[in-house]
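See structure below.
None of the figures in this text is laboratory data; all of them are computed from the coordinates on show. Everything quoted here is computed from the prediction, not taken from an experiment. Cβ: placed from backbone, ideal geometry, glycine included. Neighbour counts: every protein chain shown.
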Amino acid sequence: MLLKLGRHFSLFVGLLLSSELAFAQFDWSRFRTGLGLPFAAQELALNPCIPESVMRANFGQNGVRLLQEARSQWPAKLCENVPVALRLFEWQYTSSALLAQTERPVLMQRLIETRRNSLAACESVACLSNRLPRMIEWAKINLDRTAVYGENDRLPVRAEMLSHPRLSLRGLVLPLQEQFKWCGSSDFDALDFYTVNIKVSGKALVMAQCKTNNPVRPTWLIENASNSRYWVPILLENTLSNLYIMPNSRYTYPTLYSRANEAEGVRIRITEYGDDFYRQKLSFLVNSDASGMELAFDVHTD
């Protein structure tokens, strides 16, 4: 019994120390100086209590106007209560970093949104003070558990060009959905065909794309079951540049994502399989702060 209690105590102390370490690693100075993000709306999405002088210096009078709008969405006198304002900043920052980096973005966004709605329902600073600590701890634990992946870890869906597509794709009925509209032709020769890095037991999958020199190409994923003569589309996208497989996807049909440069960051689009088809479930912008931390903004669910 004493040995068992000792193990529980050691676990408790370990969790406490790890929590304090994570707390110490958060750079509180950026609450007053800003994160070095290139857009005012992104700074304010994480910290509505950034000093007016910083917003004016970095973003001009428009930044001050946006600051006033951002503060109006929170309970009165929030920014006068510095401990609570700091906790709000830490929650917004940590949850934004979690969404930008997680391997399970659709699930995490759902959980983050539930917590953000809980905060949005607060009508007093005391309510925020009561709810924020547990939310921060949850976000920190999940962020600490998230693996870090680099450019070299991205696995594209598209692999090699199919060597003999007419022979391999017997039973393919053309045109594919929207093919004439997107490719300008309903013919077989209007398409390039590729093998893919997705393995589904008992199924053959092929990527088809319009023949064009444009890096953004209409794209289909088509599938053929082992007991079927026919190929059927399971994904179609008319403005796709790069499509990747989410690391450590837990599903038979893996979660897919695309990246596209936009004016305010990199747009990430998350696509998941359900009801025999891939559909976009989530999109958000990613930008990095001055420390290099990737953060998620402008989140949309479908």
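Summary of computed values
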{"read-out": "Residues Ile245, Ile270, Ile50 arranged by fewest to most Cβ contacts within 10 Å", "value": "Ile245, Ile270, Ile50"}
{"read-out": "Alpha-carbon centroids, region 81-127 and region 168-245: separation in whole Å", "value": "39 Å"}
{"read-out": "Length-normalised contact order of the chain in % [C-alpha pairs under 8 Å, at least 6 apart]", "value": "13 percent"}
{"read-out": "Glu160 paired with Val54, simple spin-label distance in nm, labels 7 Å along Cα-to-beta-carbon", "value": "5.3 nm"}
{"read-out": "Cα-only Debye scattering, the chain: base-10 log of I(q)/I(0) at q = 0.07, 0.12, 0.15 Å⁻¹", "value": "-0.38, -0.88, -1.13"}
{"read-out": "Relative contact order [Cα under 8 Å, 6+ residues apart], region 158-241, whole percent", "value": "26 percent"}
{"read-out": "Relative packing of peptides 215-222, 72-79, 117-124 - highest average C-beta neighbours within 10 Å first", "value": "215-222, 72-79, 117-124"}
{"read-out": "Shape category assigned to region 191-264 from the gyration tensor of Cα positions, a/c cut at 1.5", "value": "oblate"}
{"read-out": "Rounded, prolate or oblate (a/c below 1.5 giving rounded, otherwise prolate when a/b exceeds b/c) for region 171-302 by Cα gyration tensor", "value": "oblate"}
{"read-out": "Linear extension gain, Thr239 paired with Glu69, 0.36 nm per residue minus alpha-carbon span", "value": "57.8 nm"}
{"read-out": "Pairwise FRET efficiency - Lys77 versus Asp27, Cβ, R0 = 22 Å, nearest 0.05", "value": "0.30"}
{"read-out": "Three-way shape label, region 126-243, alpha-carbon gyration tensor, a/c 1.5", "value": "prolate"}
